[in-house]
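Written out below as C-alpha cells is the structure these notes cover.
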Amino acid sequence: MNDPQDFSFSRRRVLQAGMAAGVAATLGSSLATAASAPAKPGVLMRAIPSTGEKIPAVGVGTNAYGVTSAEELAELRKVLQAMPGLGGSLIDTAQAYGSSEEVIGKLLADLGNRDKFFLATKTPLAGDISGGAAVLDRSFRRLQVSRIDLLQIHNVYGLDELMPHFLDYKAAGKIRYIGISTSVDRQYEQMQAALAKHKFDFMQIDYSIGDRSAADTLLPMAQDKGIAVINNVPFGGRGRSYFPRVAGKALPDFAKDFDATTWAQFFLKYNLSHPAITAAIPGTTTLAYLEDNQAAGRGRMPDAGQRRKMEEFWDSLPA
Ligand SMILES: NC(=O)c1ccc[n+]([C@@H]2O[C@H](COP(=O)([O-])OP(=O)(O)OC[C@H]3O[C@@H](n4cnc5c(N)ncnc54)[C@H](OP(=O)(O)O)[C@@H]3O)[C@@H](O)[C@H]2O)c1
C-alpha cells in the first residue's frame, strides 16, 4: 500500500482508501532536500509529487516581515533561528511583501542557516515585468542566495511573459521548483487555465476551515495532476483571521482526539488533514507563534469524521 502521506497518488485512490488512512501520520521520514537538515522525529512530512522530495508540512508565511524596528527584527531573528530546530523548513515570501525578502536574506546570512530552509518566493504582483530575467534576479539579490527552492508566479500576474525565464532558470539549476499562487476565489478559473497550460510543481492557494471552496476546485485538480499545494492564509488571512471569532472560547472536547491544544493547532490540523495539502504557511511573526504553529505538524491528525465535526462546529459559531 502507498505511504498514506504520499499524496502523489490519485484522488480516486485517496477516496477509496478513505481520508482516515490518508491522514495517518508518516512521521520522521527522511528529508531528501539539500535545502534542509534531516527530518526531526515526529514531524509531519509531505512529498512533492513531481520529485518525491519530502518537506515538513508546516512552514512560515512572511507577508508581515517587511519591518524595520530593532525589536521586531530581533523577534523575526528568533523565529528563523529556532525554526530548523523545531523541524520546520519552508519559508514563503514575495517581492510584493515590502522589504520581507531583504529582511529574510539578511537574517539568514547573519544566522548562517540558509541551507536549513526550503526558500520560496514570488515574482511581482503588479507593475513592470518587461525586464524579463532581471525581474527574477531581484529576488536572488534581496534574499542573498544563488539558488531559490521554489519560485512562484504571484496571483497569475505575468504568467506568459515570465514563464520562459522560469524554465531557463530551472534548467540552469537556479530554481528547483516552479509554482503559481492565488488567494482569491475569483482567480480560480485563471489558475485552472494556467495549470492546464504549463507544467507546475506547486500551486499556492487559500484554504481554511472558514473558506473551503478550493476543496471543490483546485485541490482535486492538484491531486489529479500531481501538483504540490502550499496552503496560504490558513487562519483566514492577516487582518481578518479567525482568532477574534474564537477568543475566550474553549476548544471543543473532540480536539484532544487529534492532539490540538490551541486554536492555531485546531485550524492548521484541519488544513493539513486534507490529502491534497503539502504544506501550510501560517503568517508567523513571533517565536511563541512559531512554537504553537510548528506543534500542529506533530501528533495525530483528524480523520474524515473528525473533519466533518470540525466543520459543523465552525459553522455553528456566531459570525
Ligand atoms: N496570493 C498569495 O500568494 C498570498 C496571499 C496571501 C498570503 N500569502 C502567504 O500566506 C501567508 C499566510 O497568510 P497571512 O499571514 O496573511 O494569514 P494567516 O496565516 O491566515 O493569518 C495570520 C494571522 O494569524 C495570526 N497568528 C499566527 N500564528 C498565530 C498563533 N499561533 N496564534 C494566534 N494568532 C496567530 C497572526 O497574528 P499577528 O497579527 O499577531 O502576526 C496574523 O494576524 C502569508 O504570510 C504569505 O506568505 C500568499
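Taken together, the values in this text are just the output of simple stated rules run on the coordinates, not laboratory data. The model shown is predicted, which means the values in this text are computed figures rather than measured ones. Backbone-built Cβ (ideal geometry, glycine too); neighbour counts: all protein chains shown.
A few remarks follow.
- Per the Debye formula on identical point scatterers at the alpha carbon atoms of the range 63-163, with no solvent, log10 I(q)/I(0) at q = 0.17, 0.20, 0.22 Å⁻¹ is -0.74, -0.98, -1.15.
- Where N is the number of residues in the range 275-319, Cα Rg divided by 2.2 N^0.38 Å: 1.42
- Cubic angstrom per residue, convex hull over Cα atoms of the range 147-285: 127 Å³
- Distance histogram for the chain (every C-alpha pair counted, 20 angstrom bins, percent rounded to whole numbers): 35, 60, 5
- Inter-site label distance for K309 and R240 at 7 Å from Cα along Cβ, in nm: 3.0 nm
- Only the Cβ atoms of Lys and Arg (+1) and of Asp and Glu (-1) were treated as charged; on that basis the dipole of the chain about its Cα centre amounts to roughly 420 debye.
- Relative contact order, percent, the chain [alpha-carbon distance under 8 Å, six or more residues apart]: 21 percent
- Residue-by-residue Karplus 3J(HN,Hα) for the range 133-146, coefficients 6.51, -1.76, 1.60, Hz, glycine and proline x: 4, 4, 5, 6, 4, 3, 5, 4, 5, 5, 7, 6, 10, 9
- Cα-only Debye scattering, the range 119-160: base-10 log of I(q)/I(0) at q = 0.17, 0.21, 0.23 Å⁻¹: -0.42, -0.64, -0.77
- Full extension of the segment from K199 to S99, taken as 0.36 nm per residue of separation minus the current Cα-Cα distance, would add 33.0 nm.
- Sites K249 and T68, calculated FRET efficiency, Cβ-Cβ separation with R0 35 Å, nearest 0.05: 0.50
- Pairwise FRET efficiency - V156 versus D128, Cβ, R0 = 22 Å, nearest 0.05: 0.85
- Calculated mean residue ellipticity at 222 nm for the chain: -11000 deg cm²/dmol, from DSSP H runs with n ≥ 4 weighted as -39500 (n - 2.57), summed, divided by the residue count and rounded to 500.
- Take each peptide in 152-162, 181-191, count the other Cβ atoms within 10 Å of every residue, and average; sorted highest first, the result is 152-162, 181-191.
- Of the trypsin sites (Lys or Arg not before Pro) in the range 214-305, the ones in a loop by DSSP (not H, G, I, E or B) with at most 11 other beta carbons within 10 Å are R240, K249.
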